[in-house]
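Okay, structure first, notes after.
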Amino acid sequence: MVPPSSVRRSEPLHNRVLKGAPLDTSPQIMILMAGMPGAGKSTIAQAIGLEFGIPVVDKDVILSSLLKEDVPEDLAQPASYRALFELAESFVTHQRLSIVVDSPCGFPSIVETAQRICLAVSAVLIPVLCSADRDARNNRVATRNALRSQPVGISRTPGYARERFGHMPSDTIHVDTMNPIDEVVVDVLGIVRSRIASLRNPDANAQRDLPSSIS
């Protein structure tokens, strides 16, 4: 995760881009974050939540809480994912809210669970995969204020590790967070807003021209 302080310099970011217009969509939107530790997922997730005024559910917050209560990690890990998606389902299904789900999304079952929740209420899933090279990820992990559950060591995965996310849907927004984070956030917000606008006006040409990557 990129330190939040890098996003919140001077004027709040949501005042500098798109003016923080609230999200008003039907059907609901579930934005599903994905990426390696240090790839910038939580920074992007927080910016999306702030911009559109929607809740962000963070798997690391849940897992860290369980670990602080001395729940063994082999039990806490699956329990944190279960709680993550039960909360997500409550927001989307019962409260009829859009939501950002922040987790590494390293397993196909995570995508399948998100798709199942969305399908049940005709919500729309917007996956966002964040990537950065190993040196950048290591630097971010080493300098962030880590939660109990977050790794603090050196990644053994070379390059961008995109090969670990072949299970992501074909319409995933791919985000290279090696660029200045404020610029990345602006681009991501623009693409997400375009995706949402296309739901209201499902014009074939507009859908075809929507960008799906930021590099």
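The values are calculated or read from the model by the stated rules, or taken from the named source; none is laboratory data. Predicted model only: the values in this text are computed from it and were never measured. A quick note on method: Cβ atoms are made from the backbone with ideal geometry, for glycine too, and the neighbour counts reach across all protein chains shown.
Within the group SER122, SER64, SER131, which residue is at pLDDT below 95 and over 26 Å from HIS174 (Cα atoms)?
After ruling out the rest, the residue left standing is SER64.
Looking at LEU97 and the list (1) surrounded by fewer than 22 Cβ atoms within 10 Å (Cβ to Cβ); (2) part of a helix (DSSP H, G or I), which single condition is not satisfied?
So the condition that LEU97 fails would be (2).
For segment 26-59, what are the residues that are in a helix (DSSP H, G or I), under 26 Å from ASP133 (Cα atoms) and either without any contact (Cβ under 8 Å) to a residue 24 or more places away in the chain or among the hydrophobic types (A, V, I, L, M, F, W, C) (or both)?
Matches in segment 26-59: ILE44, ALA45, ALA47, ILE48.
Please find, within segment 134-149, the residue that is modelled with the highest pLDDT out of those that are buried (at least 16 other Cβ atoms within 10 Å of the Cβ) and in a loop (DSSP other than H, G, I, E, B).
Only one residue fits best here, namely ARG144.
Which one of THR143, THR93 is among the β-branched types (Val, Ile, Thr) and out of contact with any helix residue (DSSP H, G or I) (no Cβ under 9 Å at 6 or more places or on another chain)? Let's see the steps before the verdict.
Details: THR93 fails: out of contact with any helix residue (DSSP H, G or I) (no Cβ under 9 Å at 6 or more places or on another chain).
Only one candidate passes the filter, namely THR143.
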